[in-house]
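Encoded as structure tokens, the structure appears first; notes follow it.
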Amino acid sequence: MLEVRNLKKSFEKYEALKGINITVKKGDMIAIIGPSGGGKTTLLRCINFLEKADEGTLVFDDEKFNLAKINDKDIAKIRKKTAFVFQNYNLFLNKTALQNVTEGLIVARHVNKNRADEIGMNLLDKVGLKDKYNLYPSQLSGGQQQRVAIARALATNPEIIFFDEPTSALDTELINEVLDVMKELVKEGITMIVVTHELSFAREVSNKVVFIEDGRIIEENNTRDFFENPKEQRTKEFLKKFLNNNR
Ligand SMILES: Nc1ncnc2c1ncn2[C@@H]1O[C@H](COP(=O)(O)OP(=O)(O)OP(=O)(O)O)[C@@H](O)[C@H]1O
Ligand SMILES: [Mg+2]
């Protein structure tokens, strides 16, 4: 369904991504993990064209795009099929929860307002926020704001949703309400790529894990083998540190 091939990105002389390859199949829930500064966010930003890759190919639904030379028309085409949820929600502060969810439908998809509101209310219901539809982001908790962001991502019915540490800005007690919504999406078979430091979540719900460090994929495997039988020394050390912190 989606494939990233040999993605490279440097900032001046610093090579942040040194040739990343990822294959995503429909229904995959891929967890991307790894130490800070490894290039996880840069990877997602290159796929979302917030950063321009220096090299690399994106194959999406059998169509091939050169990430270093992609034009606006192709970017728009890919953006139509993808959605992103970031660490800091990125909601419009002057719009209500419902307006945040329906904005993309009304402006980008030209869905009429009544229909967009209907879709929006259903999605807010799905993330447990139907009764908060008329509140502004400043009136919502962090976990609620992130659930609005997830409802917004779902609104345009994307083929794949990318998450970048969706819970890392949240207090412990709010993390689970967001993870629970994400688990629901996994159950529904929505294809997702999730950058996360929540390794127990990754272990529980992903089907594949990619471990990135220093701009390279150090190890990738199906989730079970990744956690039970890591092959690389670096992976073992990373997992050990995590297990020690969570004891
Ligand atoms: N705009 C930029 N200019 C210069 N260097 C950058 C820029 N963006 C990222 N980098 C560098 O690229 C490297 C990878 O950063 P990135 O944010 O992708 O890491 P990460 O894996 O997401 O880390 P974290 O887990 O802390 O979020 C870092 O060394 C970072 O300093
Ligand atoms: Mg990051």
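The numbers here are math on the coordinates, done by the rules we state, and not lab data. No experiment lies behind these values; they were computed from the predicted model shown. No Cβ is skipped: glycine too gets one built from the backbone with ideal geometry, and neighbour counts run over all protein chains shown.
Which percent, nearest 5, of DSSP beta bridges in the chain are antiparallel?
60 percent
All other residues with a Cβ under 13 Å from the Cβ of residue 237 taken together, and with Lys, Arg as +1 and Asp, Glu as -1, what is their net charge?
Net local charge, residue 237 excluded: +2.
List the lysines whose alpha-carbon lies under 28 Å from that of residue 187, not counting same-chain residues fewer than 8 positions away?
Straight-distance partners of residue 187: 25, 26, 40, 77, 80, 81, 126, 130, 132, 208.
In the chain, with Lys and Arg counted as +1 and Asp and Glu as -1 at Cβ, which of these residues, 39, 176, 19, has the Cα nearest the positive end of the dipole, that is, farthest along it?
Towards the positive end, the residue furthest out is 19.
Would you kindly calculate the mean projected area, averaged across all directions, of the convex hull enclosing the Cα atoms of the chain, in square nanometres?
Over every viewing direction, the Cα hull of the chain projects on average to 13.7 nm².
Please state the charge dipole magnitude for the chain, taken about the Cα centre, from unit charges on C-beta atoms (+1 on K and R, -1 on D and E), reported in debye and rounded to the nearest 20.
Roughly 360 debye for the chain.
How many angstrom separate the Cα center of the range 159-212 from the Cα center of the range 217-247?
Using only Cα atoms to place each centre, the spacing works out to 17 Å.
Amide H neighbours of residue 221 under 5 Å, at least 5 residues apart or on other chains, H built in the peptide plane: list them.
209
Toward the positive end of the charge dipole of the chain, about the Cα centre and with charges on Cβ (Lys, Arg +1; Asp, Glu -1), which of 93, 166, 245 goes farthest?
93
Can you give me the long-range amide H partners of residue 194? Hydrogens built in the peptide plane at 1.01 Å from N, cutoff under 5 Å, separation of 5 or more residues or another chain.
Amide H neighbours of residue 194: 30, 31, 32, 163.
Using the Karplus equation 6.51 cos²θ - 1.76 cosθ + 1.60 (θ = phi - 60°), what ³J(HN,Hα) coupling, rounded to whole Hz, does each residue of the range 15-24 give in order, writing x for Gly and Pro?
These are the phi-based 3J(HN,Hα) values: 7, 7, 10, 10, x, 9, 10, 9, 10, 10 Hz.
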